[in-house]
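**Student:** Below: one structure in structure tokens.
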Amino acid sequence: MNKGLKLTDVLVTIVISIVFGVVYKLWGPLYNVVKPLGLHIDQLMYGMWFIAATVAFLLIRKPGVALLAEVTASSGEFLMGSEYGLEVLLYGVFQGLGAELVFLLFFYRRFDVVVVSLAAIGSAIGSIVLDASKGYIGDLALWNLSLYISARVIGSILLAGIFAHILVKALEKTGVTSLLRQSSAADHDALNR
Amino acid sequence: MEPIIDLKKLRLKFPGEERLLLKDTNLTIYKGEKVLLLGPSGCGKSTLLQVLGGIIPRSIDVPMKAEHRQLPNSVGYVFQDPECQFCMPYVDEEIAFVLENLQVPRVEMRDKITEYLRKVGLHDVPLHTKINSLSGGQKQRLAIASILALEPEVLLLDEPTAMLDPYGTKQVWSTILDIMTDQTLIVVEHKIDHVIDLIERIIVFDESGEILVDSPKKEVIDRHLPLLKSHGIWYPGVWEEYLSCKVRRESSTSTSSGSIMIMKDFHVYRKKEVYASVDELKIDQGEWITVVGENGAGKSTLLLGMMQLLKTSGDYEIHGVRVIPKIDLSRKIAYVFQNPEFQFVAHSVFDEVAFSLRLEGEEESVIEKKVDELLTKFSLFDHRHKHPYQLSMGQKRRLSVATAILNKQKILLLDEPTFGQDSKNTFELLELLEKERKAGTVIVMITHDERIVENFATRKWMMKEGKIVEDTFVTKRKAVYS
Amino acid sequence: MNAMKETWMYHINPTFKLFVMLVVFILILLIHNPNTLLNVTMLLFLLFLLFNGHSLKVVLLLLLPFLLIFVSTSSSMIMFGKGDTTWVKWGLIHITEESFFRGIHIGLRALAFGLLGLLFSLTTKPVNLFYSLMQQARLSPKYAYSFLAGYRLIPIMLEEFQVIHRAMKVRGVGRQKGWSGIVNKLKAYTIPLLSQSIRRAFRIGVAMEAKQFTTNAKRTYYYKIGFSKRDLYFVCVISLILTSAYILSTHFPYVPIQDVRYETTLTL
Ligand SMILES: Nc1ncnc2c1ncn2[C@@H]1O[C@H](COP(=O)(O)OP(=O)(O)OP(=O)(O)O)[C@@H](O)[C@H]1O
Ligand SMILES: Nc1ncnc2c1ncn2[C@@H]1O[C@H](COP(=O)(O)OP(=O)(O)OP(=O)(O)O)[C@@H](O)[C@H]1O
Ligand SMILES: [Mg+2]
Ligand SMILES: [Mg+2]
């Protein structure tokens, strides 16, 4: 209908993503404390790094928002001096694309838990692709690798899928989403009465 | 004359609302006119102004239509709330942002910025100052400066001085008077006294957003004052009128012994620095104290300290009991914040008022009755299902006061509870408070309105630079009601 | 703020700085020789220490997570990675020579990335970065100004937190006890914080458009970000670091391993 995102869409997406950027930054040390425990328990926490994409999309419901949100959150994390450095930018792009593609597959029309969880998996795949090219994860023993991947996928469904959905439902109750979404045709019709 | 704004049959409705807010409104404004929009709080003035500025529906998606809609090419808009109209962190960057939008060459920017700041009387502020460190009055003047940079055909002002002290108010309006040339000006303002010299034409709305009168200023003042009165709108002489029809009695200064509040060497801190202090003060039952002083004098800081919301030191007693720092005083004191939005914790107007009753474990049927009664009194009943943020400025203010006075705490701290109110709601509120006071409640209230001090207060604190420099008892209150 | 000195690195064109760092990032990804990587990391660390411009206290605080990341990144590869020359085998844990060095290598790489990133964020002001991105990388102002507004909101959100806290206190929210009290409290903070920032962002958007900000029109810039000699210095320093690291590692290797990958098809 209209070309691209409106300024307010972009602003809102970016602002909440920066909030999540702060969360991402704080999540890093937490994750790294759990990580040396081995056996990839840490991977269950990984999904938090995909949450900006799903939350922003659920709020604004427009194409491009998931990608923008994830890239913003990661660059926010980066500019706050992330210990992962430039890497987070690249991860942001891949994770955002993963989620965005899933939403695209459903023509940006579905906003339920299932689709959001699929989008979270999409992000997880994005991140695993990068891991593979960087961290030599192919060189992990096979049993260990499968544990790694399944833990990450489960974690993303829990955090970036289900938790994100709950969060947005709670936000909808505050009425703030009425600012962001288009007014309904019924409201426009009422003008003619 | 050539019309610059022309609206025919404008209809507008907020999503999910039953009623049309504006129904078939016609409005024509000619080039160079200076117009004042008057009307009771919540009648749709701010909304209409946003339509005139093109903000609705371009930036805010509200269902609307009009048979004919002619709007000016460039408008400058000063918002009701000083906090949410800046998009850059520094003074110079804020004005530069406008200049960038207008594609002014970079080399000219610095001179222009200095020029606009000088025009609004901000020349003594360094260019690269953080906007957050400006006082309320300075902020509104900066907003006007950045609007000037737009060089708009039409200036739209939505109560630009609602939060300012009398001095700041005067300055802002005289700034506007100075800079006005042949631009068109449309102002929304509750109190006409400030703007009366500036304007030529007055449009009066009623509660339901219908235009009642649309006439030259003189005609409205000469002929339509009763109309303004009956719709609860401020007009020159409203106080005299109000006082004359009330039974006057001498003030009954409280006789009960035993102080409710005692402060001694009391200091309030922000970021480890003292921002307000009291040497020694006693407050007795039945007192109504008004705190006055210019913007930034430390009035709000003092009240926040009394509520233990900021760090304090020194002796502080309530009902003879020493207050332990940081303790939760919400059972003893009710508080109204300067910014009403700071107060809201629930998602609908009804729940907002019901909130504290529910905390006390009251029964739902009792709650409903009490809440509805109060909402009716504050002209909020029709809006009970709305989110507090969806209310108009004046409605938000009333809601925040309503939530505070429901719980029957014996001490009320109110930070500018009457700003942005029409006269009807102001008097309602004041009378309600007076009733509470009679019943023994202590009221400490910040205000910039001298008339309230004269007519309702029993005592006045004048604050300056964080200190109470004057503490006087108003022995002859002009109005006390039975 | 703490004592801060603007070194020459502060005056490199931000877009250019970012670009060069991205190139270095990719080059580091292509290093499989732990000797070379160790040299690179050490030299980058030196660069970081010399020119980040912040006081030692701040720097140490910021570097703390780096130790953690080194340990955490390398450990699982050390313990569970593939390899033939067994050192320790204990239950599921299987440390081999190959997995050990691969683990160290990954840890070093994470360290190098982190240093590079921190150096960038410590020496770049967001305002300059986004003005530069608009001017040199044609980033749409719509995004650039939104980012800037977002950064400005971070401290405001911290204040918002206080505001919410005060409202809770005044309205007596803290009085509820027990588990539901805690959950309520958590919800009572996060949801308003998010919804408030959404509202605030929306209002700023409205104010920006009211100031005739249009997303596709041309615009001029208050801050002009150009190029200077320092950009050249920067490229020289970086090239010097990379080449000397490479040469040193071929002539004076610390360990006799050339490639940490398990099955390498040798291309060099
Ligand atoms: N987003 C919204 N959703 C639903 N109703 C709204 C919304 N915004 C405003 N309203 C309602 O529209 C009416 C007009 O609001 P508006 O802000 O225009 O009033 P106003 O005349 O400026 O009042 P005041 O003098 O108190 O500022 C009010 O009753 C308000 O509750
Ligand atoms: N959140 C804050 N952080 C730091 N300083 C503040 C803050 N709020 C206010 N101040 C400063 O504290 C001083 C007193 O402010 P305060 O809000 O108490 O003034 P006031 O008398 O209530 O003014 P007004 O009439 O504008 O409400 C001012 O100098 C102000 O700049
Ligand atoms: Mg209004
Ligand atoms: Mg104040």
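The values are calculated or read from the model by the stated rules, or taken from the named source; none is laboratory data. The structure displayed is predicted, hence computed values, not measured ones. Cβ sites come from the backbone with ideal geometry, for glycine too, and all protein chains shown count toward neighbours.
**Student:** Please tell me if B:Ile367 is more than 16 Å from ligand 1 (Cβ to nearest atom), touching a residue at least 60 places away in the same chain (Cβ under 8 Å) and not charged (D, E, K, R).
**Tutor:** Judged against the criteria, B:Ile367 is not a match.
**Student:** If I ask for residues that are surrounded by fewer than 22 Cβ atoms within 10 Å (Cβ to Cβ) and outside any helix (DSSP H, G or I), which ones from segment B:421-440 would you list?
**Tutor:** B:Ala439, B:Gly440
**Student:** If we keep just the residues of segment B:347-360 that are more than 8 Å from chain C (Cβ to nearest Cβ) and either in a loop (DSSP other than H, G, I, E, B) or touching a residue at least 40 places away in the same chain (Cβ under 8 Å) (or both), which is nearest to ligand 2 (Cβ to nearest atom)?
**Tutor:** Within segment B:347-360, the match that is nearest to ligand 2 (Cβ to nearest atom) is B:Glu352.
**Student:** Tell me which of these B:Thr184 doesn't satisfy, since it passes every other one: (1) touching a strand residue (DSSP E or B) at 6+ places or on another chain (Cβ under 9 Å); (2) farther than 18 Å from B:Cys43 by Cα; (3) within 16 Å of ligand 3 (Cβ to nearest atom).
**Tutor:** (3)
**Student:** Mind listing just one residue for me: the one in segment B:300-309 that is of a type in the set (A, V, I, L, M), more than 9 Å from chain C (Cβ to nearest Cβ) and touching a Leu at 6+ places or on another chain (Cβ under 7 Å) and, of those, nearest to ligand 2 (Cβ to nearest atom)?
**Tutor:** My answer is B:Leu303.
**Student:** I would also like to ask the following. Select, from A:Leu5, A:Leu26, the only residue that is under 27 Å from C:Leu118 (Cα atoms), more than 14 Å from the chain's Cα centre (by Cα) and within 11 Å of another protein chain (Cβ to nearest Cβ).
**Tutor:** Answer to the check: A:Leu26.
**Student:** Given the condition of a type in the set (Val, Ile, Thr) and within 9 Å of chain C (Cβ to nearest Cβ), answer yes or no: does some residue in segment B:100-109 qualify?
**Tutor:** Scanning segment B:100-109 turns up at least one residue that is of a type in the set (Val, Ile, Thr) and within 9 Å of chain C (Cβ to nearest Cβ).
**Student:** Please count how many residues of segment B:285-316 are in contact (Cβ under 8 Å) with a residue 60 or more places away in the chain, in contact with a strand residue (DSSP E or B) (Cβ under 9 Å, 6 or more places away or on another chain) and not polar (S, T, N, Q).
**Tutor:** Adding up the residues that qualify gives 15.
**Student:** Could you list, in sequence order, all residues of segment B:317-346 that are surrounded by 21 or more Cβ atoms within 10 Å (Cβ to Cβ), out of contact with any strand residue (DSSP E or B) (no Cβ under 9 Å at 6 or more places or on another chain) and either closer than 12 Å to B:Gly305 by Cα or more than 9 Å from chain C (Cβ to nearest Cβ) (or both)?
**Tutor:** Across segment B:317-346, the qualifying residue is only B:Pro340.
**Student:** Here's a check for you: in segment B:148-168, which residue that is among the hydrophobic types (A, V, I, L, M, F, W, C) and part of a helix (DSSP H, G or I) is nearest to the chain's Cα centre (by Cα)?
**Tutor:** B:Leu148
**Student:** Checking the conditions here, which among B:Asp415, B:Asp372 is away from ligand 1 (no atom under 16 Å from the Cβ), within 16 Å of the chain's Cα centre (by Cα), more than 22 Å from A:Ser178 (Cβ to Cβ) and charged (D, E, K, R)?
**Tutor:** Of B:Asp415, B:Asp372, the one residue that is away from ligand 1 (no atom under 16 Å from the Cβ), within 16 Å of the chain's Cα centre (by Cα), more than 22 Å from A:Ser178 (Cβ to Cβ) and charged (D, E, K, R) is B:Asp415.
**Student:** Could you check segment A:80-190 for helices (runs of 4 or more DSSP H) lying wholly inside it with 1 or more residues that are under 28 Å from C:Ala188 (Cα atoms), at the interface with chain C (Cβ under 9 Å from one of its Cβ atoms) and charged (D, E, K, R)?
**Tutor:** Because the criterion is at least 1 residues that are under 28 Å from C:Ala188 (Cα atoms), at the interface with chain C (Cβ under 9 Å from one of its Cβ atoms) and charged (D, E, K, R), the helices (runs of 4 or more DSSP H) in segment A:80-190 that meet it are A:164-173.
**Student:** Continuing with this model, one more query. For segment B:226-248, how many residues meet the condition of being in contact (Cβ under 8 Å) with a residue 12 or more places away in the chain and assigned to a helix (DSSP H, G or I)?
**Tutor:** Of the residues in that region, 8 qualify.
**Student:** Exactly one condition in (1) out of contact with any Gly (no Cβ under 9 Å at 6 or more places or on another chain); (2) assigned to a loop (DSSP other than H, G, I, E, B); (3) closer than 17 Å to B:Met463 by Cβ is false for B:Ser300; which is it?
**Tutor:** (2)
**Student:** Just checking, does segment C:74-85 include any residue being hydrophobic (A, V, I, L, M, F, W, C), part of a helix (DSSP H, G or I) and under 30 Å from C:Thr124 (Cα atoms)?
**Tutor:** No, the conditions are met nowhere in segment C:74-85.
**Student:** For segment B:51-85, enumerate the residues that are more than 7 Å from every other protein chain (Cβ to nearest Cβ), without any contact (Cβ under 8 Å) to a residue 60 or more places away in the chain and buried (at least 24 other Cβ atoms within 10 Å of the Cβ).
**Tutor:** Matches in segment B:51-85: B:Val51 only.
**Student:** Now for a different question. With respect to C:Ala217, determine if the residue is within 7 Å of chain B (Cβ to nearest Cβ), of a type in the set (Gly, Ala, Ser) and either out of contact with any Phe, Trp or Tyr (no Cβ under 9 Å at 6 or more places or on another chain) or free of Cβ contacts under 8 Å to residues at least 60 places away in the same chain (or both).
**Tutor:** Criteria not met by C:Ala217.
**Student:** Still on this model: Can you tell me which residue is nearest to ligand 3 (Cβ to nearest atom) among those in segment B:431-482 that are at pLDDT 90 or above and among the basic types (Lys, Arg)?
**Tutor:** B:Lys460
**Student:** Can you pull out the residues in segment B:5-49 that are out of contact with any strand residue (DSSP E or B) (no Cβ under 8 Å at 6 or more places or on another chain) and either more than 27 Å from A:Val176 (Cβ to Cβ) or within 16 Å of ligand 3 (Cβ to nearest atom) (or both)?
**Tutor:** Once the filter is applied, which keeps residues that are out of contact with any strand residue (DSSP E or B) (no Cβ under 8 Å at 6 or more places or on another chain) and either more than 27 Å from A:Val176 (Cβ to Cβ) or within 16 Å of ligand 3 (Cβ to nearest atom) (or both), segment B:5-49 yields B:Phe14, B:Ser41, B:Gly42.
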